[in-house]
Amino acid sequence: MTDIIEHTRLFIGGAWVESDGDRIIEVVSPYTEKLVGVVPEATTSDVDRAVAAARQAFDFGPWPLLPLAERIAVVTRIKDLLTERAAGLAELISRQNGAPTAAAMRVQVLSAVAAYGAACAAAEHFSFEEQRPGLTGPVIVRHEPIGVVAAVVPWNVPQLTIAAKLAPALLAGCTVVLKPAPQTPLDAYVLAEICAEAGLPAGVLNVVPAGRDVSAYLVEHSDVDKIAFTGSVAAGKHIMAAASHNLTRITLELGGKSAGIILDDADLDAAIPSLIAGAFANSGQACVAITRILAPDSRYDEIAERLAAGISALKVGDPADPDTAIGPMVTAQQQRRVLDYIRIGREEGATVRTGGSVPTDPATGWFVQPTLLTDVDNTMRVAREEIFGPVVCLIRYDGEADAIRIANDSEVGLAGSVWAGDLSHGIDIARRIRTGTFSVNCQRFEVTAPFGGYKNSGIGREFGAEGLSAYLETKSVFLPAS
């Protein structure tokens with residue numbers, strides 16, 4: 001796949017239509033620094049058309065009224081068609097955001113496939129309507145689709161973050177306006193083709209690639225009933241403010257600064273490789289990355305040495321090489337941002353134990369060496385702010401209570417882990433950490449379980465029954481006493 005991919009139309013109302021504007025979005029490879037593809041940049045009037053199509057499909061179309069089994073059948077076909085095109089999608093995503101292709105297949109595509117399947121299973125077992133006894137008569141409690149959804153997704157794992165929103169929205173009976181990130185719009189076009197082939201009715205999915213200003217217009221739109229957003233804390237706060245004007249429902253999955261706690265009795269042979277994988281997945285460009293590793297004072301030097309050895313062995317290079325662990329940053333700007341944080345860490349007193357600069361090979365690409373910062377204090381900016389790159393901080397603690405204090409001393413709370421000699425002890429630690437997801441003696445992510453954060457890491461949950469509930473309104477219907 002080397003040719004430039006050129007799309008000249010938008011997907012609105014079940015058809016490929018011309019944009020009202022003449023601006024384009026250029027997609028550039030973070031590895032070759034060459035043009036990968038172009039798509040039209042949607043205008044505000046394009047957004048109006050997309051929202052109107054979604055509104056029409058929800059208010060008058062068949063989708064919300066179809067039996068659940070028929071909606072499940074369509075979403076299952078979407079899953080199956082994604083599976084058939086998985087290899088091409090993984091390569092395409094890698095070309096757009098620089099993710100190593102092997103990881104793109106596993107995390108970006110196959111996880112999305114699993115998310116559609118898990119959402120179908122959750123919908124099959126969900127109680128959309130039930131009758132309850134009331135004090136003065138029976139009550140029917142119904143869960144009904146929320147309406148038109150604006151799904152705004154990031155560039156780092158585009159298909160998985162789309163699936164987290166699109167699958168439950170469709171199963172609930174909602175219609176969707178999808179706004180992919182300007183860095184990675186090409187795979188959204190493939191998804192639109194798949195959805196049309198799967199039999200999704202016209203207007204149920206609309207795709208409008210755009211930049212920040214048009215995105216702001218979409219989330220402020222009075223005909224949007226719900227916003228589902230994945231991105232930075234700063235952007236999430238702006239969206240929450242915009243949603244307040246119309247009291248639009250929101251789900252926000254935002255940033256993280258997750259801590260991995262190594263207890264003094266932990267098995268380092270198991271902990272170190274897993275923590276490295278958790279820190280540097282997707283080249284460190286992941287909200288759930290374990291970017292703070294907390295080590296007991298008694299084992300700090302040993303852990304630093306083993307981390308440095310493992311991190312320095314990570315292969316940096318061509319994303320298409322199956323041995324590559326660290327691909328480029330998504331843009332030159334992101335590369336500068338990560339390097340600036342490493343400089344800030346040095347100025348704050350941290351030590352660059354390994355990495356810390358741009359590799360000499362490859363000759364092109366926006367790379368940053370996988371980096372370990374030691375002698376980090378939790379008050380430093382590098383320990384408090386999301387870097388979103390291949391940088392991890394090693395923080396010393398004195399006693400278990402101190403480790404829990406440091407882990408919780410953050411404005412965000414998305415993920416984390418603990419490594420303990422005794423599993424029940426680790427579970428006890430998990431109960432005391434203020435994060436939405438947490439792993440004990442492992443580093444896991446599950447599309448069957450609710451995912452989201454405490455504090456500034458967001459509002460609401462994705463995946464599982466909780467993720468489906470986010471796209472439903474609850475109605476009580478009162479019946480006369482018999």
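Please treat every number below as a calculation from the coordinates, not as lab data. On a predicted model such as this, the values are computed, not experimentally measured, just so you know. Here the Cβ is made from the backbone with ideal geometry for all residues, glycine too, and neighbour counts use every protein chain on show.
Structure notes:
- Net length available on complete extension from ASP297 to ASP80 is 73.1 nm, with 0.36 nm assigned per residue and the Cα-Cα distance removed.
- The angle between the Cα long axis of helix 158-172 and the main principal axis of the chain comes to about 30°, on a 0 to 90 degree scale.
- Once the Cα atoms are used to define both axes, helix 186-198 deviates from the longest principal axis of the chain by about 40 degrees.
- Each Lys and Arg Cβ is given +1 and each Asp and Glu Cβ -1; about its Cα centre, the chain then shows a dipole of about 680 debye.
- Using a simple spin-label model with pseudo-atoms 7 Å out from Cα toward Cβ, TYR454 and ALA15 lie 5.2 nm apart.
- Taking amide H atoms as placed 1.01 Å from N in the peptide plane, the amide H of TYR397 lies under 5 Å from those of ALA295, ASP297, each 5 or more residues away in sequence or on another chain.
- Given their separation in residues at 0.36 nm each and the Cα-Cα distance between them, ARG343 and THR136 gain 67.8 nm when the chain is fully extended.
- Relative contact order, percent, segment 390-482 [alpha-carbon distance under 8 Å, six or more residues apart]: 22 percent
- Most to least packed among 309-315, 430-436 [average Cβ atoms within 10 Å]: 430-436, 309-315
- Segment 431-456 residues near the modelled ALA270 label - backbone nitrogen below 12 Å, point 7 Å along Cα→Cβ: 440-443
- Amide hydrogen neighbours beyond the local backbone of ASP20, cut-off 5 Å, H modeled: THR43, ASP46
- The phi torsions of segment 440-450, fed into the Karplus equation with coefficients 6.51, -1.76 and 1.60 and a -60° offset, translate into couplings of 10, 6, 6, 9, 10, 9, 10, 7, 8, 10, x Hz, rounded to whole numbers, with Gly and Pro shown as x.
- Label sites at ARG431 and ASP361, each approximated as a point 7 angstrom past Cα along Cα to Cβ, lie 5.3 nm apart.
- Relative packing of 227-235, 116-124, 60-68, which averages over residues the other C-beta atoms within 10 Å, highest first: 227-235, 116-124, 60-68
- Of the residues HIS238, HIS221, HIS143, the one with the fewest other Cβ atoms within 10 Å heads the list, and the complete ranking is HIS238, HIS143, HIS221.
- Fully extending the segment from SER45 to GLU6 would add 11.8 nm, taking 0.36 nm per residue of separation and subtracting the current Cα-Cα distance.
- Anisotropy class of segment 255-346 from Cα gyration tensor, a/c 1.5 cut: prolate
- Taking THR437, THR379, THR161 and counting other C-beta atoms within 10 Å, the order from fewest to most: THR379, THR437, THR161
- VAL36 long-range amide H proximity, modeled H, under 5 Å: VAL27, VAL28, SER29
- Among HIS425, HIS125, the ranking by other beta carbons within 10 Å of each residue's beta carbon, starting with the fewest, stands as HIS125, HIS425.
- Calculated from backbone phi, Karplus (6.51, -1.76, 1.60) coupling profile of segment 56-69 in Hz, x at Gly/Pro: 4, 5, 7, 6, 10, x, x, 4, x, 8, 5, x, 3, 4
- FRET efficiency estimate (nearest 0.05) - Cβ-Cβ, PHE60 to SER232, R0 35 angstrom: 0.45
- Helix-only CD estimate at 222 nm, as mean residue ellipticity for the chain, using -39500 (n - 2.57) per DSSP H run (n ≥ 4): -11500 deg cm²/dmol
- Using θ = phi - 60° in the Karplus curve 6.51 cos²θ - 1.76 cosθ + 1.60, the 3J(HN,Hα) couplings for segment 134-140 round to x, 6, 10, x, x, 10, 9 Hz; x is entered for Gly and Pro.
- Debye, to nearest 20: dipole size of segment 258-446, +1 on Lys, Arg Cβ, -1 on Asp, Glu Cβ: 560 debye
- For the pair segment 302-337 / segment 74-89, the C-alpha centres are spaced 30 Å from each other.
- Centroid-to-centroid separation of segment 154-171 and segment 15-41 [C-alpha atoms, Å]: 21 Å
- Euclidean distance of C-alpha centroids, segment 428-482 and segment 182-196, integer Å: 28 Å
- Computed packing ranks the peptides 295-307, 89-101 as 89-101, 295-307, most packed first, by mean other Cβ atoms within 10 Å.
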